[in-house]
Amino acid sequence: MKHSVSLEMLRKKEGIKPLQQYMNNLIEYDKKRAVSLLNEEDLTYPTLYVLSSYIKEKQLVKYLSDRNKIALSIQKDILAKERAPAAPFPYSICDLPQYIHSVLRWMVETGCEEKLNTRYRLVVDRAAGLLTTIYQHPDDLSVVSKLLFERKRAGHSTHYITWAYFSSHHIGSLLPIGEKLLSSNEEEVNFARELLHFIPGLDQNEEPYAYFRGWYEENLPYLLHNENSYELTAELAPYIVDHETKYRESFFPLHTTNLRQNEFHTLSEQEKEQLANLSYKIRMRSRREWKEWMNRPLSAQLTFMEEVQHDYDSR
């Protein structure tokens, strides 16, 4: 019996079956040593997962570290055929929610590159969903975005992870996706474009990352989380630009505010977007000029917008 073996190295070098056989024998021969190996700090979630049936069968759960106990509790709940509906967070095994957070992150971070089987992927995906929907910590975005691109690379469904990722409600979630536009891997670039499909003009641009950064920095103050984009849609649009706010910022025209708002609301979505973009450009160039322009009637602004567009198209 090898007492100096690493469970991680055994799984990665010799495979799952030899690992399971080794652990099964070790439990019979030296249960204390088996528990010690399971509780090593560098153990990853995939290794715990493939040994979980032996752990339960040999009744070793009570000897495990808190991290491993919580991970197995989460795993059991996710894989349960009939899940208890109500409780918003069902893991009462630990009184410290932040510790559960660290366990979920450990499961996703150490488990995102392993494929194993469908049930395993389900656990990791749902763990990522708990991270983004319950804890919504910005530091978790890089971990979940890595999982998202791993799923795409392996040819697995990405709909749930995409939904979970953008459910973090952090506008900064766009940044790790945008950075993939710099990837040397064409498939990653194409998938990033797909995820950012709601950014007008990105698809046609030859320098997508520079275009993305420009759009992001310009529209950051006006981005709203799109609550209606996640139900049964193939293409999720997690954020929308608040064109009215971008158009008038904090400006109150000399005309009655309600009248101007009502006029703006009657415009088509394309007109709202174009007028908001024009307003932003004038405001960035000269606030004095912008205030004068904002005091013009909306019809005059639209006429000016059409003239600007015509001049641009004529070049």
Looking at segment 129-157, which of the residues that are within 23 Å of residue 190 (Cα to Cα) and among the small types (Gly, Ala, Ser) is modelled with the lowest pLDDT?
157
Which condition breaks for residue 274 when tested against (1) modelled with pLDDT of 90 or more; (2) over 26 Å from residue 296 (Cα atoms)?
(2)
Within segment 1-45, the residues that are among the charged types (D, E, K, R), part of a loop (DSSP other than H, G, I, E, B) and over 18 Å from residue 107 (Cα atoms) are 2, 30
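Going residue by residue through segment 114-127, is there one that turns out to be among the hydrophobic types (A, V, I, L, M, F, W, C) and either under 12 Å from the mean Cα position of the chain (by Cα) or surrounded by fewer than 19 Cβ atoms within 10 Å (Cβ to Cβ) (or both)? Show your work before the answer.
Of the residues in segment 114-127, the ones among the hydrophobic types (A, V, I, L, M, F, W, C) are 116, 122-124, 127.
Then keep just the ones that are either under 12 Å from the mean Cα position of the chain (by Cα) or surrounded by fewer than 19 Cβ atoms within 10 Å (Cβ to Cβ) (or both); that gives 116, 122.
Scanning segment 114-127 turns up at least one residue that is among the hydrophobic types (A, V, I, L, M, F, W, C) and either under 12 Å from the mean Cα position of the chain (by Cα) or surrounded by fewer than 19 Cβ atoms within 10 Å (Cβ to Cβ) (or both).
The values are calculated or read from the model by the stated rules, or taken from the named source; none is laboratory data. What you see is a predicted model; the values in this text were computed from it and never measured. In this analysis, Cβ positions are derived from the backbone assuming ideal geometry, glycine residues included, and neighbour counts consider all displayed protein chains.
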